[in-house]
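Okay, so here's the structure we're looking at.
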Amino acid sequence: MFRPAPAFRPAPVFRPARAATLALALAAAALLPTAAPGTAAAAPAAGKVIWAADTAEGPSSFAAVQCKAGNFGTVQDPARGKVWRARQAAGEERCETLSPDLVNGATVYVGWSSRVRIGDDRSRYVFQLKCSPSEGTANHPVEIDVADGRVRLQEWDTQHVAHPLWSAPVADDQWHGYVLKLRLGRTDGTVDFWYDGVKQTFTTGSGTYTGTTWDGTRDYLKWGSYHPSPADAVNTFTSPAIATGYDLVKGR
């Protein structure tokens with residue numbers, strides 16, 4: 001059974017990246033649908049990777065890391081090579097990494113692969129589109145969580161009400177690939193989702209969901225493990241990427 005998230009408590013943020021937030025904001029701004037009065041809208045660059053984490057750079061390739069010291073870093077995986085490992089120790093609230101900030105109105109594709117091991121039956125968020133402030137907003141408008149042998153995608157609206165969109169069976173230590181297409185908007189945002197390279201149909205019967213994908217004053221992405229629980233949880237994942245097209249993030 002999935003359990004509702006506890007009230008959000010801010011965690012310390014470590015290892016800020018070098019100007020990553022500004023770089024992503026400028027790149028994503030090229031995707032905004034309108035231009036200032038009297039100016040021509042610039043055509044978006046075809047096939048542009050906006051941001052990607054790099055295991056060669058270490059944790060500083062993320063905008064920030066929220067994790068107990070020593071519990072986040074890189075490991076060598078026999079199937080995927082050098083990958084990230086986020087260990088949320090028993091009783092800890094989170095072990096998560098952050099992307100640079102996104103831009104309201106932009107359309108982005110986000111791709112990565114991961115395998116998860118959870119030592120209890122409690123739910124863990126393994127991906128979040130997170131907004132700030134947490135209070136009085138959707139908090140995490142799009143999230144993927146895992147519990148009791150299932151993985152689930154949900155959208156949360158501006159009243160912080162969850163809308164379950166999709167779920168599938170999953171087992172510990174299985175690699176799976178994820179791609180999200182997100183058009184960022186407070187009530188008119190959209191979500192499309194590919195799982196293991198296959199476009200998914202949501203519980204609504206559609207392959208595109210329209211709702212909240214942005215709220216508050218600042219939004220960004222998180223990968224790792226979140227929800228304080230009695231046992232360890234480990235999320236091992238490949239380097240995520242944010243781009244302007246599907247082909248640039250699929251199969252990561």
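Just so it is clear, none of the values below were taken in a lab; they were calculated from the coordinates. Predicted, not measured: the structure shown is a model, and the values here were computed from it. Positions of Cβ are generated from backbone atoms using ideal geometry, with glycine treated the same way; all protein chains shown enter the neighbour counts.
Here are the numbers for this structure:
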quantity	calculated
Rough spin-label spacing in nm, given labels placed 7 Å along Cα→Cβ, for T217 and D157	2.6
Part-to-part distance (alpha-carbon centres) for the stretch 175-252 and the stretch 42-105, which is given in Å	14
Relative contact order of the stretch 122-211, pairs being alpha-carbon contacts under 8 Å that are 6 or more residues apart, as %	18
FRET E, pair W175, A90, Förster distance 22 Å, beta-carbon r, rounded to 0.05	0.35
Length gained when the stretch D148-R117 is fully extended (0.36 nm per residue, less Cα-Cα span)	10.0 nm
Net charge contributed by nearby residues that have their C-beta within less than 11 Å of G207 (K/R +1, D/E -1)	+1
Inter-label distance, nm, simple model (7 Å from Cα along the C-beta direction), T187/Q200	2.7
Mean Cα-pair separation over length for the stretch 66-126, i.e. relative contact order, pairs under 8 Å, 6 or more apart, %	26
Listed residue (F237, Q200, G216) projecting farthest to the positive dipole end of the stretch 146-247, Cβ model	G216
Size of electric dipole in the stretch 35-194: Cβ of Lys, Arg +1 and of Asp, Glu -1, about Cα centre, debye, nearest 20	340
Ellipsoid equivalent to the stretch 140-252 - semi-axes via the Cα gyration tensor, in Å	21, 18, 15
Positive-end residue of S99, G81, A63, charge dipole of the stretch 55-109 with Cβ unit charges	G81
Point-charge dipole on Cβ atoms (K/R +1, D/E -1) for the stretch 199-252, about Cα centre, debye to 20	140
